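To start, the structure itself, in structure tokens.
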Amino acid sequence: MGRVIEAHELTKRYGRTTAVNALSFSVRPGVVTGFLGPNGAGKSTTLRMILGLNAPTGGTVTVDGRPFRDLPRGLRHVGALLDAHDVHGGRSARAHLTALARSNAIPRRRVGEVLDEVGLTSAARRRIGGFSLGMKQRLGIAAALLGDPPVLLFDEPLNGLDPEGVLWVRGLFHQLAAEGRTVFVSSHMMTEMEHTADHLVVIGRGELIAAESLTEFAARGARQSVTVRAADPAALTAVLSAEGASVERREDGSCAVTGLSAARVSELAFEHRVLLHELTTETSTLEQAFMELTADHAEYRTGESR
């Protein structure tokens, strides 16, 4: 059922500003693919180019080998949630979905089905302007599902959802992928994708940083470091450095050691009669790996003057 999204050298410039630069990646069916990057990385621009809302300056992007604009009755081919606020606040949820169904030749019964699926049946006749952000996100997901499409795109879909809603959305994405659909989910938070995605496409400042499975990306964060506090930090640094370790002296007097296990650090300190006051092991998280990988590609960094 699923279809491949294929971007090749995709580029978008606005005057002298390059939002997306020679970006190439594939999104395949059967897995949830997370689209990660710091704010301002070019994720939303890329999604808009996939949907034909923005024309590329260069390169191509296709769905099942064709530009989205060439696909008749688009909601039957690709469902998308780009901005939960981009709806007419004076309409009811049912009226909004009914209009979309009519314009895409989708059976009207689908309106009731998707409202039920996202938990908005009781609010179907309420005006959207009175909805919370979480309810608008659910309505946007309902609109994406309306045409029962093989390809689904979501831009920051977890914003505004309560914990129950987050769990529901994660389960929904995995269910859609298990049905053989292509599911592409944008976020700037690694912690969200850690529990949602199977595969990752990571970009920064419009350029590709990584395209790999979550397992492969997790290996980047599988580094261990040892925090040690010694009576004589200089002596310990010399001992550990001679053994090939990397030692970083911190302002609080402790040392961060990489390249040696905690057990080996303890053995060396004992052999050279260096008294230790503290010895702990720290394992890098996926979030830390993501932050390190995208640090040079963030549009804004804390403490950076502009």
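Go through the residues of the stretch 96-108 one by one and say whether even a single one is of a type in the set (D, E, K, R), farther than 25 Å from A178 by Cα and either within 24 Å of the chain's Cα centre (by Cα) or not in a strand (DSSP E or B) (or both). Give the steps one after another, and end with the answer.
Looking only at the stretch 96-108, we keep the residues that are of a type in the set (D, E, K, R), and these are 102, 108.
Those still in the list that are farther than 25 Å from A178 by Cα too: 102, 108.
Filter once more, keeping what is either within 24 Å of the chain's Cα centre (by Cα) or not in a strand (DSSP E or B) (or both): 102, 108.
Scanning the stretch 96-108 turns up at least one residue that is of a type in the set (D, E, K, R), farther than 25 Å from A178 by Cα and either within 24 Å of the chain's Cα centre (by Cα) or not in a strand (DSSP E or B) (or both).
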Quiz item: Given the conditions (1) touching a helix residue (DSSP H, G or I) at 6+ places or on another chain (Cβ under 9 Å); (2) modelled with pLDDT under 95; (3) of a type outside the set (S, T, N, Q); (4) surrounded by 14 or more Cβ atoms within 10 Å (Cβ to Cβ), which single one is not true for E299?
Solution: (1)
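What about R109, is it assigned by TED's automatic domain parsing to the domain that holds M189, at pLDDT 95 or above, touching a helix residue (DSSP H, G or I) at 6+ places or on another chain (Cβ under 8 Å) and more than 22 Å from S187 (Cβ to Cβ)? First the steps, then the outcome.
Working: assigned by TED's automatic domain parsing to the domain that holds M189: yes; at pLDDT 95 or above: yes; touching a helix residue (DSSP H, G or I) at 6+ places or on another chain (Cβ under 8 Å): no; more than 22 Å from S187 (Cβ to Cβ): yes.
For R109, the condition - assigned by TED's automatic domain parsing to the domain that holds M189, at pLDDT 95 or above, touching a helix residue (DSSP H, G or I) at 6+ places or on another chain (Cβ under 8 Å) and more than 22 Å from S187 (Cβ to Cβ) - is not met.
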Quiz item: Restricting attention to the stretch 73-85, does a residue exist that is acidic (D, E), under 27 Å from the mean Cα position of the chain (by Cα) and surrounded by 20 or more Cβ atoms within 10 Å (Cβ to Cβ)?
Solution: no
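Here's the yes/no breakdown for (1) within 23 Å of E117 (Cβ to Cβ); (2) out of contact with any strand residue (DSSP E or B) (no Cβ under 8 Å at 6 or more places or on another chain); (3) not in a helix (DSSP H, G or I):
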site: R13; (1), (2), (3): no, no, yes
site: A19; (1), (2), (3): no, no, yes
site: P29; (1), (2), (3): yes, no, yes
site: T33; (1), (2), (3): yes, no, yes
site: T45; (1), (2), (3): no, no, no
site: L53; (1), (2), (3): no, yes, yes
site: P72; (1), (2), (3): no, yes, yes
Quiz item: List pairs: first in the stretch 244-264 and within 10 Å of T227 (Cα to Cα), second in a loop (DSSP other than H, G, I, E, B), Cβ under 6 Å, 6+ apart or cross-chain?
Solution: V257/A245
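Would you call N39 in the same structural domain as A177 (by TED's automatic domain parsing), part of a strand (DSSP E or B) and of a type outside the set (S, T, Y)?
Values: in the same structural domain as A177 (by TED's automatic domain parsing): yes; part of a strand (DSSP E or B): no; of a type outside the set (S, T, Y): yes.
So N39 does not fit the description; no.
If a residue must be part of a helix (DSSP H, G or I) and more than 11 Å from G147 (Cα to Cα), how many such residues does the stretch 114-123 contain? Break it down stepwise before answering.
We begin by selecting, within the stretch 114-123, every residue part of a helix (DSSP H, G or I); these are 114-117, 121-123.
In the following step, the residues that additionally are more than 11 Å from G147 (Cα to Cα) were identified as 115-117, 121-123.
The total comes to 6.
Given the options N39, N104, name the one that is surrounded by 13 or more Cβ atoms within 10 Å (Cβ to Cβ) and of a type outside the set (A, V, I, L, M, F, W, C).
Working: N39 fails: surrounded by 13 or more Cβ atoms within 10 Å (Cβ to Cβ).
Among N39, N104, only N104 is surrounded by 13 or more Cβ atoms within 10 Å (Cβ to Cβ) and of a type outside the set (A, V, I, L, M, F, W, C).
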Quiz item: Do we find a residue being buried (at least 21 other Cβ atoms within 10 Å of the Cβ) and either of a type in the set (D, E) or in contact with a Gly (Cβ under 8 Å, 6 or more places away or on another chain) (or both) anywhere in the stretch 162-175?
Solution: no
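Report yes if some residue within the stretch 210-231 is among the aliphatic types (A, V, I, L, M), crowded, with 17+ Cβ neighbours inside 10 Å and in contact with a Phe, Trp or Tyr (Cβ under 7 Å, 6 or more places away or on another chain); otherwise report no. Full working, then the answer.
To start, the set of residues in the stretch 210-231 that are among the aliphatic types (A, V, I, L, M) comprises 210-211, 214, 218-219, 222, 226, 228, 230-231.
Keeping just the survivors that are crowded, with 17+ Cβ neighbours inside 10 Å gives 210-211, 214, 226, 228, 230.
Still in the list and also in contact with a Phe, Trp or Tyr (Cβ under 7 Å, 6 or more places away or on another chain): 210-211.
Yes, some residue in the stretch 210-231 is among the aliphatic types (A, V, I, L, M), crowded, with 17+ Cβ neighbours inside 10 Å and in contact with a Phe, Trp or Tyr (Cβ under 7 Å, 6 or more places away or on another chain).
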Exercise. Examine the stretch 84-92 for a residue that is assigned to a loop (DSSP other than H, G, I, E, B), out of contact with any Leu (no Cβ under 6 Å at 6 or more places or on another chain), modelled with pLDDT under 95 and within 25 Å of M190 (Cα to Cα), and state whether such a residue exists.
Key: yes
Practice problem: Kindly check whether there is at least one residue in the stretch 147-157 that is in a strand (DSSP E or B), touching a helix residue (DSSP H, G or I) at 6+ places or on another chain (Cβ under 7 Å) and either surrounded by fewer than 23 Cβ atoms within 10 Å (Cβ to Cβ) or free of Cβ contacts under 8 Å to residues at least 24 places away in the same chain (or both). | Solution: yes
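The values are calculated or read from the model by the stated rules, or taken from the named source; none is laboratory data. Keep in mind the model is a prediction, meaning the values are calculated, not measured. Positions of Cβ are generated from backbone atoms using ideal geometry, with glycine treated the same way; all protein chains shown enter the neighbour counts.
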